[in-house]
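Undergrad: Below are the structure tokens for one structure; questions will follow.
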Amino acid sequence: MTEIAIVILNWNTKNYLEKFLPALIENSNLPNIEIYVADNGSKDDSVEFLKSEYPQINLIEFSENQGFTGGYNKALQQIEARYYLLLNSDIEVTPNWLDPLKEIMDRDEDITACMPKIKSYDKPEFFEYAGAAGGYIDKYGYPFCRGRIMNVVEEDRGQYNDEKEIFWATGACMMVRADVFHQLGGFDNDFFAHMEEIDLCWRMQNAGYKIYYTHKSTIYHIGGGTLPNESPFKLFLNFRNNLYLLYKNLPKKHLFKTLTIRMFLDYTSAFIFLIKGTPKKFLSVIKAHFTFFKNYSILKNKRKETPGNEKHFPPQIVSKSMLFEFFINKKRYYRQLIDQ
């Protein structure tokens, strides 16, 4: 069996494959490693490029876009390995990036996923928005990172040079234990994209496992390559999937209160979008809530299948409102948020 399968899910990012595959191949030289590209129905000659320039890379082809969740789920069903390393195509790896991740997983079987330090490719002195130094959520389900609160991204001055248990590891670069990934059913296909890794990490913790970050591994991420930050569809996915995330995983005693407050906050955001003259964003939020209620019976069944959610509340969930701390108390950094 392969020890580590590095799996890139590609959709129309031939330019990134051209740019970053050479460094990936050069710096992924541990024994018993295989590199895979799962192509999600690209129309930009990605497949032809890989076949002609990188015949040594294992290629899995899909005829159409399966989304992040479906693409990875279908690809990983075809790959036998001890660990999967899920890697975005727009990432530059560095020498010795793999060893620290493998060392964490090897030393403790209860650690089922881990991530490196993720810095910005365009501003390498700063952390990267979507992963930074490890992910968390607040009491109402808003995600943030050590190194990024809302739109404030910190400069890396060594303040997060540690190994630490976190709440979620980013899907941009996540090493995951293959047997646990399959045991828990992989990513939830109904998410399609965005927050699916947070849902998986929460389910892992509900099942008694741990998620880790290490600063000993560093990568550089461009970010936002598939869906721009201003995309109404991306906004819809984020609002809808956050409701999915909370409903599936919260303990029963927290569920009604948390969802009620979260929905109120979402509608507040929607009307702010409307007042600011961005009606498409307003409609994205409304559509997200409509879809949540439309799929309520499906989610109810999924909640029943989620292990441990009735009795377990992961301690890595920050018991404060990030929005309140950010906008009212003017706390802009992770260390301020947790009063360290």
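The values are calculated or read from the model by the stated rules, or taken from the named source; none is laboratory data. The shown structure was predicted, so the numbers you read here are calculated from the model rather than taken from an experiment. A quick note on method: Cβ atoms are made from the backbone with ideal geometry, for glycine too, and the neighbour counts reach across all protein chains shown.
Undergrad: Could you please find all residues in segment 302-321 being in a helix (DSSP H, G or I) and either basic (Lys, Arg) or at pLDDT 95 or above (or both)?
TA: Lys302, Arg303, Lys304
Undergrad: What are the residues in segment 264-282 that are surrounded by fewer than 17 Cβ atoms within 10 Å (Cβ to Cβ) and of a type in the set (A, V, I, L, M, F, W, C), if any?
TA: Residues satisfying the conditions are Phe264, Leu265, Phe271, Ile272, Leu274, Ile275.
Undergrad: Out of curiosity, is Thr214 at pLDDT below 95, of a type outside the set (D, E, K, R) and within 24 Å of Ser120 (Cβ to Cβ)?
TA: no
Undergrad: Where in segment 1-105 are the helices (runs of 4 or more DSSP H), entirely inside, with at least 3 residues that are touching a strand residue (DSSP E or B) at 6+ places or on another chain (Cβ under 6 Å), farther than 19 Å from Met174 by Cα and in contact (Cβ under 8 Å) with a residue 12 or more places away in the chain?
TA: 46-53
Undergrad: Just one of (1) surrounded by fewer than 21 Cβ atoms within 10 Å (Cβ to Cβ); (2) farther than 20 Å from Lys302 by Cβ; (3) among the β-branched types (Val, Ile, Thr) trips up Thr258, so point out which.
TA: (2)
Undergrad: Go through segment 239-254 and give me each residue that's surrounded by 17 or more Cβ atoms within 10 Å (Cβ to Cβ) and not basic (Lys, Arg).
TA: Phe239, Asn241, Asn242, Leu243, Tyr244, Leu245, Leu246, Tyr247, Asn249, Leu250
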